[in-house]
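Enquirer: Submitted below is the structure of interest, expressed as structure tokens.
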Amino acid sequence: MKIYIIATEASGDYLGSHLIRELKKKKNCSIQGIGGELMKMEGLSSWIPIEKFNTIGLIEVLIRIPKFYKIFKKVENFIKNNPPDIIITIDSPSFSYRLIKKIQGLRKKVRMIHYVAPTVWAWKKYRAKIFANLYDQLFVLFKFEKKYFLEHGLDTFWVGHQIFFNKSNIKKKKIISFLPGSRETEIKKNLKKMKNVLNDISFEYPNYKFFILGFDHHKEIINKIIPNSNAKIITNYNLKQKIMMQSSLALASSGSVTLELSNYQTPMVVVYDTNYLTRILIKFFVKVKFCSLINIFFNKEVVPELIFEKFTYSRVINQIRDILNNKTLRKKQIKYMNLFSKKMLNNGSPSKLMVDHIFKK
């Protein structure tokens, strides 16, 4: 059986790696597609480096349309000329559904599956119907997402989030982590604002260790923005996980990394910035009050969010001081993180649940 897996973001690479590991337990599975370092570690030969998809936001995408079009056509043509038995797209909804739409002619022979629902509950609700028309199956991370797609007749199954399945023995140390993001554009925006906070906090708390957690292909950018920093840049995946688990506090760019920090019971301050036009569009179209999933889940600010114009030096450094100096604030975050973690699984490993469900068909 030939299976293609397409993941164009770091979060998808993580999920894809666990999915490949589980698929390899099935006999006669040939797996290829697009993925990052984690998927490649599981044996995937990626058609295109995942860094080629390294952008975010409407304006950034518009600027790079020629580049994306060339990549898109390359992937589309390869799939049409070499159809698999199953194709699985992971997250990246805008890229994924456009690709699947272009290869609908293969629908009778190729089962089309998507993993990680588009956030129709936050914005672009119409995408639920689009996905129902294009895909045969959808696997969602959060239980409440099912209803949006079932009403359009899409076979939708809740598997939970893989991050919360892997439990560790957590021992905190005097470590503060800075996580500026996974894409070049957001790293540049966020890290420039984190720079002065890092410099001053490292001076104010000399008994703490400081780390910037990133990726190999972003190391040069990070060094350029924060040269001669008191923080050590870490790019190794396993070491990053260990540091996140041991950290007493994290200053994190909004994204899937906040789920990892929740799993590790690491108190955090969530920040984010983007260009002015993308900011206006997000404010106009997004319907939820929060950007962090733990806050969305509980419908209140469990972890502080300093987004866009609220992402200022004084606000960030004051929040860091408050959390470091106030045990009650830290314990409150950890309490909700524990509750959140228990709600994020569906009786087993998400990747195993997904593979079992796929092969039942």
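Enquirer: Give the Debye-formula value of log10 I(q)/I(0) at each listed q (0.11, 0.15 Å⁻¹), with one equal scatterer per alpha carbon of region 175-343, two decimals each.
Expert: Relative scattering, expressed as log10 I(q)/I(0), comes to -0.42, -0.81.
Enquirer: Between Lys143 and Lys74, take the C-beta separation as r, use R0 = 45 Å, and let me know the FRET efficiency to the nearest 0.05.
Expert: 0.75
Enquirer: On full extension of the chain, what length is gained from Leu150 through Lys332, given 0.36 nm per residue of separation minus the C-alpha to C-alpha distance?
Expert: Between Leu150 and Lys332, full extension yields 62.0 nm more.
Enquirer: With the dipole of the chain worked out from charges on the C-beta (+1 for Lys and Arg, -1 for Asp and Glu) around the Cα centre, which of Ser256, Leu38, His152 lies farthest toward the positive end?
Expert: Of the candidates, His152 comes out farthest on the positive side.
Enquirer: Which Cα, out of Pro267, Phe72, Ala117, lies furthest along the positive dipole direction of the chain (beta carbon charges, K/R +1, D/E -1)?
Expert: Towards the positive end, the residue furthest out is Ala117.
Enquirer: Give the aspartates and glutamates reachable from Lys167 as a straight Cα distance under 13 Å; neighbours fewer than 8 places away on the same chain don't count.
Expert: Hits, sequence-local ones excluded: Glu260.
Enquirer: Also: Counting only residues 5 or more places away or on other chains, whose amide H sits under 5 Å from the amide H of Gly33 once H atoms are built in the peptide plane?
Expert: Ile5, Ser45, Trp47
Enquirer: How big is the dipole moment of the chain about its Cα centre under a simple scheme where the beta carbon of each Lys and Arg is +1, that of each Asp and Glu is -1, and everything else is neutral? Debye, nearest 20, please.
Expert: 520 debye
Enquirer: Let me spell out the model: positive unit charges on the Cβ of Lys and Arg, negative unit charges on the Cβ of Asp and Glu, origin at the Cα centre of region 234-361. What dipole size does that give, in debye rounded to 20?
Expert: Dipole magnitude for region 234-361 comes out near 380 debye.
Enquirer: Still on this structure: For the charge dipole of region 175-343, defined by +1 on Lys and Arg C-beta atoms and -1 on Asp and Glu C-beta atoms about the Cα centroid, which residue among Tyr313, Ile212, Val288 has the Cα displaced farthest towards the positive pole?
Expert: Positive-end residue among those listed: Val288.
Enquirer: Among the listed pairs Lys25/Lys240; Lys2/Lys109; Lys195/Lys224, which are separated by more than 20 Å between their Cα atoms?
Expert: Lys25/Lys240
Enquirer: Between Asp322 and Lys124, 0.36 nm times their residue separation minus their Cα-Cα distance comes to what?
Expert: 67.6 nm
Values in this text are rule-based calculations from the coordinates and carry no lab data. Just so you know, these numbers come straight off a predicted model, no measurement behind them. All Cβ positions, even for glycine, are placed from backbone atoms using ideal geometry, and neighbour counts span all protein chains on display.
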